[in-house]
Amino acid sequence: MANQEDFKPDEKLLSQAHPAFRFVVKLNGIPFGAFTECTLPTLEWEVEEVKEGGLNTHVHQLPGRRKSSSRLTLKYGVCKDELWEWYKDVMSEKFEAKNITVELLDVSSNTVAGWYIQKAYPVKWSGPQLQASSTAIAIQSLEFACGEITLDPADMKAPAAKRN
C-alpha cells in the first residue's frame, strides 16, 4: 500500500504552479500600466482546400496566410499618460507602431512565459459606464492591432535593444 509521502507534491511543480495569472505589459521594454485582464491575439491560418480529380477519399488542405484578425486586448486598467497620448497620435494620423511585451510571472515574479508583439498600435478604446454606485476604473478596454507575434519564451531573454 502506498504511503502519503508518495503523494506529496514536487517542490519544482509547486514553484511552477500559477494560482492566479500575474503578468506585466511593457511598451518598448518599459512597463506602462496595470491591467486585470489581458486577452492575447488568436493566431489562425487560412486553409485552402484543393480537390484532386479522381481522389474521393479526402480534400487536400494547404496552409495559407495568417488571418488578419490578431488583436491584443487589455481590460480594467490604469496606465501612464504616454499610452493615451500614443492612442491620440494614432487617431490623428501621427502613426507610430511600437513593440509590446506581455510576460507571465510566477509567484516569485520571475518570467515564466512571454509574448513579444511587433509593430502594434492602438485601434480601439472603450471607456467605462460611469455610474455613481460603480467603482469602475478609467480605462475599460484597450485594443491593439498586432504585427508579428513571437511566442517563444527564450525571446524574452533577448536584450532590450534587440527587441526594440
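Every number in this text was worked out from the coordinates using simple rules, so none of it is lab data. Bear in mind the structure is a predicted one, so any value in this text is a computation, not a measurement. As a convention, Cβ positions derive from the backbone with ideal geometry for all residues, glycine included, and neighbour counts pool all protein chains shown.
Descriptive notes on the structure:
- FRET E, pair Q140, K80, Förster distance 22 Å, beta-carbon r, rounded to 0.05: 0.80
- Each label point was placed 7 Å from the Cα along the Cα-to-Cβ direction; for W45 and A97 their separation is 2.1 nm.
- Rounded to the nearest whole Hz, the Karplus-based 3J(HN,Hα) values (6.51 cos²θ - 1.76 cosθ + 1.60, θ = phi - 60°) of the stretch 119-124 follow the sequence 6, 8, 7, x, 10, 7, with x at glycine and proline.
- For S141, the residues 5 or more places off, or on other chains, whose built amide H falls under 5 Å of its own are Y76, S126.
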